[in-house]
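Each reported figure results from applying straightforward, stated rules to the coordinates on display, with no laboratory input. Fair warning: this is a prediction, and the values are worked out from it, not measured in the lab. Here Cβ is always computed from backbone atoms with ideal geometry, including for glycine, and neighbour counts include all displayed protein chains.
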Amino acid sequence: MAVRKDASFWDAETEGHALLDITVGELLDRQADRFGDQDAVVYRYPEHGLDLRLSFRALRDRVDALARGLLALGVQAGDKVAVLATNVPEWLLLELAVPRVGAVLVTVNTNSRREELGYLLRQAEVHTLFLQAEHRGNAYLETLRGLVPELAGADAQSLLPVASKDFPALRHTVLLGAGGGLPGFDAVVRAGDGVPESTLRARQAAVRPDDVSQIQFTSGTTGAPKGAMITHRGSLNNARLFGFRAGFRAGDRMVTAMPFFHTAGNVLDVLGLLAHGGTLVKAIQFEPLKLLELVQAERATILHGVPTMLIAMLQHPRAAEFDTASLRLVLSGGTPIPVPVLEQVKARFGADPVIGFGMTEASPMVTGTPSSDSFELKSATVGKPLPHVEVKIVDAAGVAVPHGQPGELLVRGFGVMKGYYRMPEKTAEAIDAQGWLHSGDLATMDAGGYIRIVGRIKDMIIRGGENVYPAEVESFLMRHPAIQQAQVVGIPDAYMGEESAAFIQCREGHALDAATVESYCRAHMARHKLPKYVRFVTDYPLTPSGKVRKFELRDRLLAELKERA
């Protein structure tokens, strides 16, 4: 056993899996040769005129054609290529083509607005931007034209570079889709026809496993967004090892709507299935009915979604109409999942839930539960560290705490990022001199090495000098048979310093009132953990990756309290 007897410290194990010392491009070549005509990617949207199936060999050919197009644009090793789009096929091709030529993929959240896009283009020194014209009312192209007025004279038929005063690194902007007056994706691919295959092979041969393959920007909730530099070696090994832990098999078919701009979408899904010889059945965006249709039509063996997605699918009025018997695994994480929801997943989908915990800066996964673990373990913990990963839980002095005692979770291993791009001070704050990545998460580790996330250091509520961990209270609330989800936040209080507020979503057909919730909590929970405020909601404000925006809940209640006062 890797856990130390006297402290919350997990010494890395291999579990019989060696680390691969290859690049993303080399992984694609290996798997194309190995799996050939097997499906690698499926987009099944006949209702939108999109019905795409690519074998592993065809995927490599498409990626190579695009990679030559990038070379025709003048993209050099180390140049930054950003993508602002939903889960369209072009995004997937770019994810594999950009690192193939030694360039760096920069992911852009589809919820980004003008200020955020401008910051990212400048901070990441983006050379080429691929973007959709708009999505759900967010006019990306219009925003870009406002940021880069020099595009006013752009020729849609020309790939000549742009010269931007405000963004001196920016050379090319390419539109995914029709119209808009900018060069299109197909024009880039056509431009690659004039680039010899030998030129691409020489460029690919110069790429090294420890080179940066992606820059993933954090949310920026505690300051300016930071660009985490993730390597070929870190991301592909992370995806492969998490796949081993979860139980991926060659020939698996995964239905997923996880966004490509998130590591869950482009590392776990894309690289995970590539590494294990599985098929990616991709949803362009999350729609519960569409995912149910895809599971049935494509005989999916794996479903991947955050808890809010799974709940929406389970509760869809037409859920019972679909045959989901092909499913073997359901991947989830991000927030605690109560046992009743895990039981529903097993009963309705016939699949074993797999729970994981990760962070962008770790490439991303740190822990995972084997599918054979009990529902109690999966509900209360996020599993044990992955192979080749060290974890310790420490106090404020950096000393590993006893088993079961909360402290900050630290990670060390192959997946730790190279740092934040152009932010050496922030990098030094995140990664200490011994190579430990400080997660900012509060966690406990038991004597078996299982880790339980109890909250974020910045989210911890201090009520009258007592620590309250929101995740602990949320997990308890969701054990109530009438409660579907619960989110707990801290609210300033003149006397106690902080009080907690619970935002509760009831199960369909159930109703509660604040007094009932208070009685339930008082009977089973220490007094300082009791939520002072209880509010009922029908849904939660979410990020594009499906996580709850707790600050919006907090602001909503503060506004209500201010109005009452």
Whole-Hz ³J(HN,Hα) from phi, Karplus 6.51 cos²θ - 1.76 cosθ + 1.60, for the stretch 103-110, glycine and proline x: 8, 10, 7, 10, 8, 10, 4, 5
Percentage relative contact order, the stretch 24-207, counting C-alpha pairs under 8 Å, at least six apart: 23 percent
Positive-end extreme of charge dipole, the chain - chosen from Tyr540, Ala246, Ala565 (charges on Cβ): Ala565
Chymotrypsin sites (Phe, Trp or Tyr not before Pro) restricted to the stretch 327-403 and DSSP loop, no more than 15 other C-beta within 10 Å: none
The chain: translational diffusion in µm²/s, Stokes-Einstein, Kirkwood Rh over Cα pairs, 20 °C, 1.002 mPa s: 87 µm²/s
Average Cα contact separation per residue, the chain, under 8 Å, 6 or more apart, as relative contact order %: 13 percent
Charged-residue dipole, Cβ positions (Lys, Arg, Asp, Glu), the stretch 24-207 about Cα centre, Debye nearest 20: 240 debye
The chain - mean residue ellipticity at 222 nm from DSSP helices (-39,500 (n - 2.57) per run, n ≥ 4, rounded to 500): -8500 deg cm²/dmol
Contact order relative to length of the stretch 362-456, as percent, for alpha carbon pairs under 8 angstrom and 6 or more apart: 30 percent
Nearest-ten-degree value, helix 550-564 long axis tilted from longest Cα axis of the chain: 50 degrees
Cleavage-rule hits (GluC sites (Glu not before Pro)) in the stretch 72-157: DSSP loop, at most 15 neighbouring Cβ within 10 angstrom: Glu134
Neighbour-limited loop hits for trypsin sites (Lys or Arg not before Pro), the stretch 57-147 (at most 14 other Cβ within 10 Å; DSSP other than H, G, I, E, B): Arg113, Arg136
Counting DSSP beta bridges with both ends in the chain, the antiparallel % (nearest 5): 60 percent
Burial ranking of peptide ranges 318-327, 297-306 (average Cβ count within 10 Å, highest at the top): 297-306, 318-327
For the stretch 175-250 versus the stretch 8-43, the gap between their alpha-carbon centres in whole angstrom: 15 Å
Share, in percent, of DSSP beta bridges within the stretch 461-564 that are antiparallel, nearest 5: 80 percent
